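**Student:** My questions will all concern the structure given below.
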Number of protein chains: 4
Amino acid sequence: MKKDVKAAVLTRPGNIEIQSFPYPQVPKGGAIIRTELSGICGTDKHTFKGEIRQYVGTAQEITTPFPIIQGHENVGIIEEIDPAAKLEFDGQPLKPGDRVVMCPDTTCGDCWFCKHIPDYPWCNDIRSYGNSFSCANAPHLFGGFSQYMAITDKVKLYKVPDGMKPEVAVFAELFDVTYTLDKAKELYAFDGEGFAFGDTVVIQGAGPLGIMHLIKARMLGADKVIMTDTSQFRLDIAKKFGADVTMCLADTTQEERIEIVRQHTGGRGGDVVVECAGEPEAFPEGMAMVRKSGVYLIVGNFVDVGRTVPLHPHEICAKNIRIMGMSNHSLSGYGPSLRMMQRYGEMYPFEELITHRYALENAQEAILKSMDYSSSMKVVLDPWKK
Amino acid sequence: MKKDVKAAVLTRPGNIEIQSFPYPQVPKGGAIIRTELSGICGTDKHTFKGEIRQYVGTAQEITTPFPIIQGHENVGIIEEIDPAAKLEFDGQPLKPGDRVVMCPDTTCGDCWFCKHIPDYPWCNDIRSYGNSFSCANAPHLFGGFSQYMAITDKVKLYKVPDGMKPEVAVFAELFDVTYTLDKAKELYAFDGEGFAFGDTVVIQGAGPLGIMHLIKARMLGADKVIMTDTSQFRLDIAKKFGADVTMCLADTTQEERIEIVRQHTGGRGGDVVVECAGEPEAFPEGMAMVRKSGVYLIVGNFVDVGRTVPLHPHEICAKNIRIMGMSNHSLSGYGPSLRMMQRYGEMYPFEELITHRYALENAQEAILKSMDYSSSMKVVLDPWKK
Amino acid sequence: MKKDVKAAVLTRPGNIEIQSFPYPQVPKGGAIIRTELSGICGTDKHTFKGEIRQYVGTAQEITTPFPIIQGHENVGIIEEIDPAAKLEFDGQPLKPGDRVVMCPDTTCGDCWFCKHIPDYPWCNDIRSYGNSFSCANAPHLFGGFSQYMAITDKVKLYKVPDGMKPEVAVFAELFDVTYTLDKAKELYAFDGEGFAFGDTVVIQGAGPLGIMHLIKARMLGADKVIMTDTSQFRLDIAKKFGADVTMCLADTTQEERIEIVRQHTGGRGGDVVVECAGEPEAFPEGMAMVRKSGVYLIVGNFVDVGRTVPLHPHEICAKNIRIMGMSNHSLSGYGPSLRMMQRYGEMYPFEELITHRYALENAQEAILKSMDYSSSMKVVLDPWKK
Amino acid sequence: MKKDVKAAVLTRPGNIEIQSFPYPQVPKGGAIIRTELSGICGTDKHTFKGEIRQYVGTAQEITTPFPIIQGHENVGIIEEIDPAAKLEFDGQPLKPGDRVVMCPDTTCGDCWFCKHIPDYPWCNDIRSYGNSFSCANAPHLFGGFSQYMAITDKVKLYKVPDGMKPEVAVFAELFDVTYTLDKAKELYAFDGEGFAFGDTVVIQGAGPLGIMHLIKARMLGADKVIMTDTSQFRLDIAKKFGADVTMCLADTTQEERIEIVRQHTGGRGGDVVVECAGEPEAFPEGMAMVRKSGVYLIVGNFVDVGRTVPLHPHEICAKNIRIMGMSNHSLSGYGPSLRMMQRYGEMYPFEELITHRYALENAQEAILKSMDYSSSMKVVLDPWKK
């Protein structure tokens, strides 16, 4: 019989403890996954810091239900699975030993959003692994900072292509978030608006989310990619992954950055600007960097940090700007993301983005390291590391 | 020989004088139009009040070049025309005696915007009749508050359908501005986002711009239309033109209005919200009224009035909102607008929206009346009225 | 206890018999509907004539599994319902006595199409009431030519708005098929291609499907609508419902019809052409009627009638034509269709399209009448008519 | 003074003669280009063979006006230029010595298509260098099979990026034709239809047009690319440029090819199929290869070769296929095409696609060689080669 399962539990903001849970029974229609790696995401940092309100202003506004097991960027191996399970989104059969990634979000299937926009988890009752299931409730193991996860029949799994390492697959969720750029691409149908072939893309923030958008922009036909960040360490990695121009907030003024974008775009500004900074203050700078009738994608400001920025609605009108907010990602996007990550594995060595790898016992140190932008890119937890 | 031409000249904010100008020669490739009616628009009121900065934050930012002849919603009769003129956008032949409306905006034809998005006057050097040509320069008559207008070869004219009265045709420009809703309609291609058949449209502002959007929303397949305004007088007209629900800002709190929108939309909010209010303060209310993954069109905040509103970028992200700023209108939209205004003339009696008609001599009184929302809808100038 | 249920059974092409079936138990998660009206559709006529292959060239190609109870345009009253049922697509509660319409198509929910394009029944295992369920299998009552229908948990129902008569609601399915025009509308995002505000729409075929497209085209902002048919009787009804130009195939040559379309469109051809004729021979004429870079919607050629037409692929290329085939309809479209049918009930009196109403016993006579285009529009069966 | 200019003149189908023309004066607003290379295109071969009707079924149907100087895929050096010329589409200044490519099509600027869809040369009076200007009329030099070309003020030129060889730039026109794939990409906005990230693209024809589509599909995010051709020589080059699967018509039956496409796509068929074969007979095979609700782009059947194929309109309807015909290319696409060809020059060595290079004197031999698919890919003329 399996022994107890070890997990890192966030009992309240700022406090992570290692706890033991009973190894769970396979949920009906579900599975048990042995976690290989779990990435630390910006949302995890916000929660750790006590910025715990998500989806503010919507029907599904939630506050973190402590205690929780964090970790929603997960890759692992099927340990056990209900033979009747229909977990794999693309219909591939799953068996013990298969490597999978998961969509952390579960939806109700019945609300207006589930009925009308089913490919996106914009459900009125969205619940997410690593985020909004408390581990106080059985079967407890609802997050990746744990040796095993209990997968209910509401979860979508995706089989990892043969030969792909967990160090690459762990980026699948984050890479799928870049469907924002697919949207912008579609928007180009509109009279020259949106993301056209050969366009200039500006990305605010060179953390893992920004790097994913850099790679995706390339794959979708961007020409010039310009990136900003507070960390020269991260911008150097962005350069290595193909950014043409990088600007560090430590060395430049806002006016200089806006001017540099204009110099690279015939005076117009970026055709597409993507906010991957997670700070409200990035918004006014992005508005100034986007060209007239360009697209501004708001991707990083997912958590309410409690600060506002001043807006002239006039600017939106007079510049004909299109602003698209983007939370989550598409269910159907995981499969293509995995396939393309594999096809371009040599050109974009995702695994090199992992700068730090910690054991469960060091989860708190891992989160703190992930907040040190001057020396870390993606930090992952390996629940079986000694 | 023609006598001098009388025009109402705005010499500086708040001061209109009647001046005489020489009857001009027909510009090369152009025409002379005998003005029948010129509508007073929100922009005219802003300029009169001294809010004279337009397109702030873009390459074509301009400040009103006083003195000017205002008036850009114009209908008139061709008085003379260069036989070689190619003024009619849709290629219809024009001759003296023909009734026409005009696009007030002229463009350079060579800049990036003219090359890439040619159907919209988003030119880096946009110049507009009634707005940004000073009457200090010959041939002086660059606005509709004048008995005649000098039409250069850069202007696009549109022949008014046979049998359409000037009191209807004068709305062509304003009605074409509603291409914002066509855009929102197209956006519905995106996974249930945008303006679908049978959707609920909320319109902030029941002035002429709001009424145009009401009519256009109906023509494009809206079901419920909800409107807000500070003026019950205007909301009563909106009701007559088919608004299902109206809410007066004098009688309701912001919280009540947001709640009423939710009650009419299954708790979700409007699928499309259109800002036709012209006040920055409408923005936060509109953001709260739009449903998750809905579209918010910013149409009325065209002029920089110098005030900002606080924004949580988080709201845009977490609600997946799409915001589209819209200045101007499409060159190709005038023809269809005129045809459809004629087809639905009985259902939507545009001429009844004209509540006041003034002679040139009373231009200043006319502008002041147009600012009195409690008793006026569209105010027009008739330069030949005695 | 309920007595036996009477139904009209198509035992083989050309032969309808009245048979009795046991009143069924309520399926788990399902309901029993007392049929009020069932419309006869073009597909029913094809099946009756022995043209029984559908979806040829796709994974779901089927041949009619005789014996069947036909009837997929159904309206009725909930007789009984499983309290746990989640049948209403838009989440409205249902109880005995409620009037409902239904989507006749059931889908698997698991195949690639169900996962990627879930709003459309393009399933690899699509099965349809009135069409592809044999009544040889319990609970037998899978079609509207029956006093009652057994509704399984796979069916989507839609509550009919209060006050809407069954004679109107029976058109909901057919009206929803016009989402083809919504698609064409969205396509207008593409550089002037597609269905723009004020465009000319040509409809081949003035049967019920053609009339639905006429009404929908109007609701979405068409200007001129031009229709063709073999039956002057039907074209006269089209005129009454607002067609601007009608052309009878009995009185005109193909060359004349193409020329007339050109005369009405500045020599260009229709911006949108919709094939609602159901005959392959309509295709070359439609190709000649559509303007360069226009849209041609293929809606009526749903059943393989075994005949081909010659095609020059060159014409598609050189004219930049966009052709969109359309089977089925959207699940989310029923609700808006019903709401808009009610809103515009006075302008478009759908019930007047029902020219003939038959009792079950006269089902065969009804089908034959529905094939007589010279004197019938929509023919319906009323299973309770004496 | 410049000497006479040597050009290869097609006097009638099948007969090319070398003739001399006077060196022309610089046209007003125009330029003289010293031709470096001119590619031989499929259209040139059709014309040589006597298949001389283009745009059949449209207002601009034309028959080749012999004698002509062929050659519309041109790159050259500005020899002289009118200082007032505005020839460069993107507004870059041009001077003698600059390397440029050209859009061969000239348009009227006034017809409905020029007004409504201005970015595409879909003009009712399109006239093309190398194709529809007779060299019987001064200034004669309207094609690239000539030492110099006379460029009128109607032509759009594009400055070649610094450091790009003429052997690469000569592909700019052909590469821009792949905007078909950009269109298909935009179409993905439609409920899962169109060209999504990670999709499978099938290309019929591995000639230069097919190879351009292969490269562009990669740049826009295709996963698997499958190609067919009659020539194994060409398929081997396609493999080298990244095709995943190739199928030679000499070795496989149509049934086998369709089956192989299905095996690679989970049984569904290609998400996008592009016809670059130029033969009507490719159409039925492409229809069978495309998945339900997939996109079929007709690009190669530009010239009317006088043969038809049988079509079941039912197939279009029941499979929900979207077919898009595509002639020409976009004016705004040359600039991005050149930039991206340069960015990815190492990954896609365009110059290696040139298998044969001939002097003017051997123009007839060059055209014959270009028809030998078993041993040639792109054949170019070098008018200054000895």
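**Student:** Cβ-Cβ below 8 Å, separation at least six or inter-chain, first residue in region A:117-140 and over 21 Å from B:Arg291 (Cβ atoms) and among the acidic types (Asp, Glu), second at pLDDT below 95 and not in a loop (DSSP other than H, G, I, E, B): which pairs?
**Tutor:** Going by the 8 Å Cβ cut-off, there are no qualifying pairs.
**Student:** Applying the selection to region A:289-301, what residues are facing another protein chain (nearest Cβ under 9 Å) and farther than 21 Å from B:Gln60 by Cβ?
**Tutor:** A:Ile298, A:Val299, A:Gly300, A:Asn301 - these are the residues of region A:289-301 that are facing another protein chain (nearest Cβ under 9 Å) and farther than 21 Å from B:Gln60 by Cβ.
**Student:** Identify, please: which residue in region C:30-64 is acidic (Asp, Glu) and touching a residue at least 40 places away in the same chain (Cβ under 8 Å) and is, among those, surrounded by the fewest Cβ atoms within 10 Å (Cβ to Cβ)?
**Tutor:** So the residue we want is C:Glu51.
**Student:** Considering only region A:157-178, how many residues are under 10 Å from A:Val100 (Cα atoms) and charged (D, E, K, R)?
**Tutor:** So the answer is 1.
**Student:** Restricted to region B:1-21, and to residues that are part of a loop (DSSP other than H, G, I, E, B) and in contact with a helix residue (DSSP H, G or I) (Cβ under 8 Å, 6 or more places away or on another chain), which residue is surrounded by the most Cβ atoms within 10 Å (Cβ to Cβ)?
**Tutor:** The extreme case among them is B:Pro13.
**Student:** Filter region D:32-52 for residues that are within 14 Å of chain C (Cβ to nearest Cβ) and touching a helix residue (DSSP H, G or I) at 6+ places or on another chain (Cβ under 9 Å) and give the result.
**Tutor:** Correct list: D:Gly42, D:Glu51, D:Ile52.
**Student:** Okay, moving on. Considering only residues of region B:198-221 that are within 9 Å of chain C (Cβ to nearest Cβ) and within 16 Å of B:Arg291 (Cβ to Cβ), which is modelled with the highest pLDDT?
**Tutor:** B:Asp199
**Student:** Okay, moving on. Please find, among A:Thr265, A:Thr252, A:Thr246, the residue that is more than 9 Å from every other protein chain (Cβ to nearest Cβ) and assigned to a strand (DSSP E or B).
**Tutor:** Only one candidate passes the filter, namely A:Thr246.
**Student:** Please find, within region D:231-262, the residue that is surrounded by the fewest Cβ atoms within 10 Å (Cβ to Cβ) out of those that are among the hydroxyl-bearing types (Ser, Thr, Tyr) and within 18 Å of D:Ala288 (Cα to Cα).
**Tutor:** D:Thr253
For (1) out of contact with any helix residue (DSSP H, G or I) (no Cβ under 7 Å at 6 or more places or on another chain); (2) assigned to a helix (DSSP H, G or I); (3) modelled with pLDDT of 95 or more; (4) within 14 Å of chain B (Cβ to nearest Cβ), each residue gets a yes or a no:
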position	(1), (2), (3), (4)
C:Met287	no, yes, yes, no
C:His329	no, no, no, yes
C:Ser332	no, yes, no, yes
C:Met340	no, yes, no, yes
C:Leu381	no, no, yes, no
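**Student:** Please list, ordered by first then second residue, the pairs with beta carbon atoms under 8 Å, 6 or more apart or interchain, first in region D:299-311 and without any contact (Cβ under 8 Å) to a residue 60 or more places away in the chain and under 10 Å from C:His312 (Cα atoms), second assigned to a strand (DSSP E or B) and among the charged types (D, E, K, R).
**Tutor:** The qualifying pairs are D:Asn301/D:Glu275.
**Student:** Find the helices (runs of 4 or more DSSP H) located wholly in region D:126-195 whose residues include 2 or more that are crowded, with 21+ Cβ neighbours inside 10 Å and either at pLDDT 95 or above or β-branched (Val, Ile, Thr) (or both), and list them.
**Tutor:** Once the helices (runs of 4 or more DSSP H) in region D:126-195 are filtered for at least 2 residues that are crowded, with 21+ Cβ neighbours inside 10 Å and either at pLDDT 95 or above or β-branched (Val, Ile, Thr) (or both), what remains is D:166-169.
**Student:** Then there's this: What residue, of C:Glu365, C:Glu352, C:Glu346, is surrounded by fewer than 16 Cβ atoms within 10 Å (Cβ to Cβ) and under 18 Å from the mean Cα position of the chain (by Cα)?
**Tutor:** Going through C:Glu365, C:Glu352, C:Glu346 in turn, just one is surrounded by fewer than 16 Cβ atoms within 10 Å (Cβ to Cβ) and under 18 Å from the mean Cα position of the chain (by Cα): C:Glu352.
**Student:** Among the numbered conditions (1) in contact (Cβ under 8 Å) with a residue 40 or more places away in the chain; (2) within 16 Å of A:Asp176 (Cβ to Cβ), tell me where A:Pro336 comes up short.
**Tutor:** Condition (1) is where A:Pro336 drops out.
**Student:** Within region A:289-308, can one find any residue that is among the polar types (S, T, N, Q), in a loop (DSSP other than H, G, I, E, B), surrounded by fewer than 22 Cβ atoms within 10 Å (Cβ to Cβ) and within 19 Å of the chain's Cα centre (by Cα)?
**Tutor:** No, the conditions are met nowhere in region A:289-308.
**Student:** Which of the residues belonging to region B:149-186 are over 15 Å from the mean Cα position of the chain (by Cα) and more than 18 Å from B:Ala85 (Cα to Cα)?
**Tutor:** Those that are over 15 Å from the mean Cα position of the chain (by Cα) and more than 18 Å from B:Ala85 (Cα to Cα): B:Pro161, B:Asp162, B:Gly163, B:Met164, B:Lys165, B:Pro166, B:Glu167, B:Asp182, B:Lys183, B:Ala184, B:Lys185, B:Glu186.
**Student:** Would you pick out the residues in region C:71-91 that are under 23 Å from C:Glu167 (Cα atoms) and of a type in the set (Val, Ile, Thr)?
**Tutor:** Within region C:71-91, C:Val75, C:Ile77, C:Ile78 qualify.
**Student:** Considering only residues that are modelled with pLDDT under 95 and either basic (Lys, Arg) or closer than 19 Å to A:Lys385 by Cβ (or both), which ones fall in region A:1-21?
**Tutor:** Selection gives A:Lys2, A:Lys3, A:Asp4.
**Student:** Do you know which residues across region D:271-293 are under 16 Å from D:Gly325 (Cβ atoms) and either touching a residue at least 60 places away in the same chain (Cβ under 8 Å) or hydroxyl-bearing (Ser, Thr, Tyr) (or both)?
**Tutor:** Across region D:271-293, the qualifying residues are D:Val272, D:Val273, D:Val274, D:Glu275, D:Cys276, D:Ala277, D:Gly278, D:Ala282, D:Gly286, D:Val290.
**Student:** Write out, first by first residue and then by second, each pair whose Cβ atoms fall under 6 Å of each other, whose residues are 6+ apart or on separate chains, and whose first residue, in region C:89-100, is more than 14 Å from chain A (Cβ to nearest Cβ) while the second is assigned to a loop (DSSP other than H, G, I, E, B).
**Tutor:** C:Arg99/C:Val160
The values are calculated or read from the model by the stated rules, or taken from the named source; none is laboratory data. No experiment lies behind these values; they were computed from the predicted model shown. Every residue, glycine among them, receives a Cβ derived from its backbone with ideal geometry; neighbour counts consider all protein chains shown.
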